[in-house]
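A.B. asks: The structure that follows is given in the form of structure tokens.
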């Protein structure tokens with residue numbers, strides 16, 4: 001048996017360390033650690049409640065908008081505010097723009113590079129300027145071989161593309177071109193979101209009780225032009241790339257058990273529609289059974305366990321009463337707490353949302369072609385693992401693209417009917433005492449904020465974020481977190497090259513930064529690039 | 001033996017930087033292909049992420065002119081960047097160490113560094129404070145991007161007591177050219193403009209808070225379209241009266257909007273006082289730009 005430590009894992013947001021024990025070529029158990037803490041919740045204590053949306057927005061510069069949105073809902077709840085229709089629609093559009101930037105970026109810039117062999121570009125014969133720059137770089141490297149190859153020795157093992165690596169020149173050329181195009185598209189999606197949000201990342205116009213602007217006709221038409229371009233890329237490039245790889249080159253991976261995990265799924269749902277339902281529905285699925293289908297039933301069953309996290313106290317409690325006091329001397333292995341739903345570890349994110357949509361047959365989203373297409377993949381043998389997560393992420397983007405146009409139309413009709421109120425000014429000032437919670441979805445999963453107002457100021461504030469669910473540690477009941485569970489059984493045929501560990505972790509789109517170090521059982525450092 | 005080490009270092013550095021520049025997978029460069037290529041001549045950049053949210057990286061990537069891919073392929077040799085680079089773990093770490101030994105790079109720092117206890121942030125088992133100081137010593141210049149890296153920003157006032165780059169340079173007695181580019185996040189134009197000016201040897205005038213005066217020379221309020229009108233957001237807590245930046249003229253995301261343009265008060269994110277001494281954000285309050293170390 002070998003123990004492998006990967007610290008940090010790169011191409012994620014934040015700082016993550018992974019320990020795995022490898023037995024007979026597969027992972028027998030895993031330990032996942034968050035290695036950085038800022039203490040944002042605690043610094044909010046004593047501040048004006050309205051500041052919370054602005055500050056928690058800064059928890060993440062990738063899923064920006066998600067925190068400001070969720071926090072605003074929590075504060076509104078505590079203020080007893082009512083959100084005007086126009087504010088709901090403008091928020092959906094600001095957040096939707098951020099999502100349309102986030103999903104393609106995760107696929108092309110953080111994940112796809114795990115599946116392609118870039119060196120085949122040495123044979124590129126096309127005229128693309130950037131590809132030729134990359135080709136020349138590769139050729140110049142080949143022309144200057146090392147005098148002594150020993151340095152690649154045990155520290156940098158020669159990578160032989162594995163069964164899931166793509167070496168076909170045309171496919172690699174296409175993916176690298178799309179990687180470059182997606183860089184431009186993600187910037188344009190942020191630009192689109194900034195038209196109504198003020199700026200991105202870290203929009204300024206979503207504030208508790210509403211939004212700060214009703215977009216004028218010029219701004220709306222500017223938004224539509226960018227929406228057309230971004231949607232075109234998603235429909236014609238991003239989704240076909242993901243599904244194409246998943247059903248061809250990576251179909252073997254898609255139908256394998258690699259990275260499947262608990263199959264417990266939790267979604268809080270998000271993007272409220274005028275009919276009252278959420279575009280992405282809420283739900284909790286445990287052992288294949290839909291246990292809850294609304295937030296009010298889900299919220300009371302959430303607890304946070306800190307048995308193996310560097311915080312004081314050992315008992316699991318509801319987030320509304322959670323304490324954020326660190327204890328760095330504790331025998332623990334992570335800064336990530338262990339949220340549980342009714343005692344169960346739950347996977348959150350696009351796959352969880354897709355599973356809820358597939359199970360909630362009477363919800364409007366269920367009949368969307370994207371959900372039906374996903375069900376078709378499952379019927380064709382795709383397991384809920386690495387490829388399914390990428391496919392669910394891509395397919396759910398199609399639902400959002402359609403809704404974005406509906407909300408733009410709704411904005412036009414709200415203006416036409418004079419319903420341009422954007423704030424509930426009567427509930428702008430905080431109550432002396434109050435409490436509230438907000439639950440929505442970030443692109444990478446279920447996001448909840450809890451606020452307690454005491455003497456007009458923040459008495460306590462708690463956030464349970466998507467990666468807290470997914471990257472959670474072992475709890476008092478001996479249950480691993482979802483990453484840890486999904487890693488069990490991961491094939492590592494070569495201990496020097498645990499590439500599949502990175503593929504599994506990245507398929508969840510974690511919000512922690514990572515790179516990989518491998519430590520052999522004797523304590524010698526071996527290094528692996530994942 | 002020595003030659004081997006140099007070669008190994010060279011290989012790791014070059015292959016890793018190439019991969020970083022392309023954002024492509026590090027491990028794919030181990031087919032004994034080596035760089036002496038275009039990247040060898042471009043100015044080196046090491047980008048460290050401390051207690052950050054990656055928002056400044058996201059902001060730099062939100063630029064349309066220049067396009068980030070052109071900067072990566074043509075202008076700089078990005079040797080280390082946790083979020084963008086393909087390399088992971090030891091290869092990334094070795095690239096960092098090799099680049100530090102070679103020296104002469106621009107060191108970009110994003111995020112605050114915990115002052116309360118080093119254990120609040122480690123990468124590869126090592127406190128980020130140690131890595132930052134080590135990288136600072138051989139840098140040609142240090143650019144602190146965003147409010148957190150400049151003055152502690154959001155992280156200051158939290159239990160980890162996040163502080164900016166200058167705090168740690170002073171603490172360890174490292175004397176280097178430091179440019180602060182505060183903002184939450186910083187504007188991509190501020191980053192590209194400063195890097196290009198620096199590489200061109202242009203004289204960059206800094207104010208007492210080490211901010212370029214070409215960017216942070218005037219108060220937001222002075223150039224604000226709401227100034228002197230009943231649209232002024234002063235009563236709603238706008239900090240534009242005490243905050244210096246060119247936001248009113250530059251605007252954000254390709255010029256489509258900005259905080260005050262969208263009806264939100266300025267939060268003072270480019271000032272050293274941000275955030276703990278500027279709160280509350282939505283209530284009128286006099287701010288003296290103040291930041292005790």
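A.B. asks: Which angle from 0 to 90°, rounded to the nearest 10, does the C-alpha axis of helix A:369-379 make with the longest principal axis of chain A?
C.D. replies: The two axes meet at around 40 degrees.
A.B. asks: Per-residue mean of other chain beta-carbon atoms within 10 angstrom of the beta-carbon, peptide A:207-216?
C.D. replies: Whole-number average of other-chain Cβ neighbours for A:207-216 is 3.
A.B. asks: Now a separate question. Within a 10 angstrom radius of the beta carbon, how do A:54, B:282 rank from fewest other beta carbons to most?
C.D. replies: If I rank by nearby Cβ atoms, fewest first, I get B:282, A:54.
A.B. asks: What percentages make up the Cα-Cα pair-distance distribution of the range A:313-419 when the bins are 5 Å wide from 0?
C.D. replies: 2, 9, 14, 14, 11, 10, 11, 12, 9, 5, 2, 1, 0
A.B. asks: Can you give the average number of partner chain beta-carbon atoms within 10 Å of each beta-carbon in peptide A:44-57, as a whole number?
C.D. replies: For this peptide, the per-residue mean of nearby foreign Cβ atoms is 4.
A.B. asks: Arrange B:259, B:148 by Cβ neighbour counts within 10 Å, fewest through most, would you?
C.D. replies: If I rank by nearby Cβ atoms, fewest first, I get B:259, B:148.
A.B. asks: Calculate the FRET efficiency for residue B:171 and residue B:249 from the Cβ-Cβ distance with a Förster distance of 56 Å, rounded to the nearest 0.05.
C.D. replies: 0.95
A.B. asks: Related question: Helix A:386-416 versus the longest principal axis of chain A: what angle, 0 to 90°, nearest 10, using Cα atoms?
C.D. replies: Tilt relative to chain A: about 30 degrees.
A.B. asks: Still on this structure: Quick one: divide the alpha-carbon radius of gyration of the range A:244-384 by 2.2 N^0.38 Å and tell me what you get.
C.D. replies: The range A:244-384 yields a ratio of 1.25.
A.B. asks: Between the helical axis of A:66-79 and the dominant principal axis of chain A, each derived from Cα atoms, what acute angle in degrees is found, rounded to the nearest 10?
C.D. replies: On a 0 to 90 degree scale, this one is about 30.
A.B. asks: Can you give the extra length, in nm with one decimal, that the chain gains between residue A:362 and residue A:413 once fully stretched, where that is 0.36 nm per residue apart less the Cα-Cα distance?
C.D. replies: 15.6 nm
A.B. asks: Something else now. Mind giving me the FRET efficiency for residue A:127 and residue A:457? R0 is 56 Å, r the Cβ-Cβ distance, nearest 0.05 is fine.
C.D. replies: For R0 = 56 Å, the calculated efficiency reads 0.35.
A.B. asks: Could I ask something else about it? Among B:243, B:65, what is the fewest-to-most ranking by other Cβ atoms within 10 Å?
C.D. replies: Fewest-to-most Cβ neighbours within 10 Å comes out as B:65, B:243.
A.B. asks: Could you check the spin-label model distance between residue A:328 and residue A:273? Points 7 Å from the Cα along Cα→Cβ, value in nm.
C.D. replies: Spacing of the two 7 Å Cα→Cβ label points: 5.0 nm.
A.B. asks: Same structure again: Taking only the alpha carbons of the protein assembly as shown, what extent do you get along each of the three principal axes, in Å, biggest first?
C.D. replies: That works out to 74, 65, 56 Å along the principal axes.
A.B. asks: R0 = 45 Å: FRET efficiency of residue A:372 with residue B:75, Cβ-based, nearest 0.05?
C.D. replies: 0.45
A.B. asks: What ratio of Cα Rg to 2.2 N^0.38 Å holds for the range A:263-344?
C.D. replies: Cα-based Rg divided by the globular estimate yields 1.32.
A.B. asks: Here's a follow-up. Got a sec? Which residues in the range A:459-490 would a label at residue A:257 touch, if it sits 7 Å along Cα→Cβ and we count backbone N under 20 Å?
C.D. replies: Once the point is set 7 Å along Cα→Cβ of residue A:257, A:479-490 turn out to lie under 20 Å by backbone N, inside the range A:459-490.
A.B. asks: In Å and whole numbers, how far do the C-alpha atoms of the range A:18-99 stretch along each principal axis, longest first?
C.D. replies: Taking max minus min along each principal axis of the Cα atoms, the range A:18-99 gives 59, 32, 21 Å.
A.B. asks: Turning to a different aspect of this structure: Tally the DSSP beta bridges in the protein assembly as shown and give the antiparallel ones as a percent, rounded to 5.
C.D. replies: Once the DSSP bridges in the protein assembly as shown are tallied, antiparallel ones form about 70 percent.
Any read-out appearing in this document is the output of simple, stated calculations on the displayed coordinates, not a laboratory observation. The structure presented is a predicted model; accordingly, all values stated were derived computationally and were not measured. Quick reminder, even Gly has a Cβ in these numbers, built from the backbone with ideal geometry, and neighbours come from all protein chains shown.
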